[in-house]
Amino acid sequence: MKAKEIMKAEHLQVCSDETDCRHIAQLMADNNVGAIPICDAAGKLEGIITDRDIVCRIVGPGKSYETPAKDIMSGDLHTCSPDASLKDVEATMRKFQIRRLPVVDADLRLLGVIALADLVAALHGKKEHELITVLEAVAMPQ
């Protein structure tokens, strides 16, 4: 199985590097996601902002919620190609301790995102997927 077979591509929320953090946080809340990819006008992936980035880089230090994405996004990205094997996806997520892996084409245009729960469901089946879903639900703020 390949990355393109399990990535989420529909209804993917993205923002530009000028989008303010309040808007990004609202998108996360409205869509029940923990990360928003940051792309340029051509769809090229430039960075990603997680809920943790907002807490640690905006809320904690007391910065303005109008701070643009480019000031807090993680730009040193780990990605995979749509043809990457799930074993390679898993190895990348383990090595860099990340829960979401953007899938990009050769020009770094965002095609989709693989969440840890998607990977677990594909590799290990329903029982483990349910466990990850419970763990993520416990870890997510209400």
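The values are calculated or read from the model by the stated rules, or taken from the named source; none is laboratory data. Remember, it's a predicted structure, so these values are computed and weren't measured experimentally. A quick note on method: Cβ atoms are made from the backbone with ideal geometry, for glycine too, and the neighbour counts reach across all protein chains shown.
Laid out as a table, the results:
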{"read-out": "In segment 82-98, residue surrounded by the most Cβ atoms within 10 Å (Cβ to Cβ) [restricted to those that are of a type in the set (S, T, N, Q) and over 14 Å from MET7 (Cα atoms)]", "value": "THR92"}
{"read-out": "Verdict on HIS129 being over 24 Å from HIS23 (Cβ atoms), buried (at least 17 other Cβ atoms within 10 Å of the Cβ) and either of a type in the set (Val, Ile, Thr) or at pLDDT below 90 (or both)", "value": "yes"}
{"read-out": "Residues of segment 1-38 satisfying the condition of being of a type in the set (Val, Ile, Thr), in a loop (DSSP other than H, G, I, E, B) and touching a residue at least 60 places away in the same chain (Cβ under 8 Å)", "value": "VAL14"}
{"read-out": "Per-region count, segment 98-117, residues under 15 Å from THR50 (Cβ atoms), part of a loop (DSSP other than H, G, I, E, B) and charged (D, E, K, R)", "value": "1"}
{"read-out": "Yes/no for PRO102 being touching a residue at least 40 places away in the same chain (Cβ under 8 Å), more than 15 Å from VAL14 (Cα to Cα), of a type outside the set (S, T, N, Q) and in contact with a Gly (Cβ under 9 Å, 6 or more places away or on another chain)", "value": "no"}
{"read-out": "Of all residues in segment 39-55 being part of a loop (DSSP other than H, G, I, E, B) and in contact (Cβ under 8 Å) with a residue 60 or more places away in the chain, the one that is surrounded by the fewest Cβ atoms within 10 Å (Cβ to Cβ)", "value": "ALA42"}
{"read-out": "Candidates GLY34, GLY43, filtered to the one that is touching a strand residue (DSSP E or B) at 6+ places or on another chain (Cβ under 9 Å), on the phi > 0 side of the Ramachandran plot and either modelled with pLDDT of 95 or more or of a type outside the set (Lys, Arg) (or both)", "value": "GLY43"}
{"read-out": "Pair list, Cβ < 9 Å and 6+ apart or interchain, from segment 56-75 residues that are within 11 Å of ALA25 (Cβ to Cβ) to residues that are of a type in the set (A, V, I, L, M) and surrounded by fewer than 14 Cβ atoms within 10 Å (Cβ to Cβ)", "value": "TYR65/VAL59"}
{"read-out": "Candidates GLU10, GLU66, GLU5 - the one that is in contact with a helix residue (DSSP H, G or I) (Cβ under 7 Å, 6 or more places away or on another chain), exposed (fewer than 14 other Cβ atoms within 10 Å of the Cβ) and not hydrophobic (A, V, I, L, M, F, W, C)", "value": "GLU66"}
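Yes/no per residue for (1) at pLDDT below 90; (2) within 16 Å of MET1 (Cβ to Cβ); (3) loosely packed, with under 14 Cβ neighbours inside 10 Å; (4) touching a helix residue (DSSP H, G or I) at 6+ places or on another chain (Cβ under 8 Å):
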site	(1), (2), (3), (4)
THR79	no, no, no, no
ARG100	no, no, no, yes
LEU110	no, no, no, no
VAL113	no, no, no, no
GLY125	yes, yes, yes, no
ALA139	yes, no, yes, no
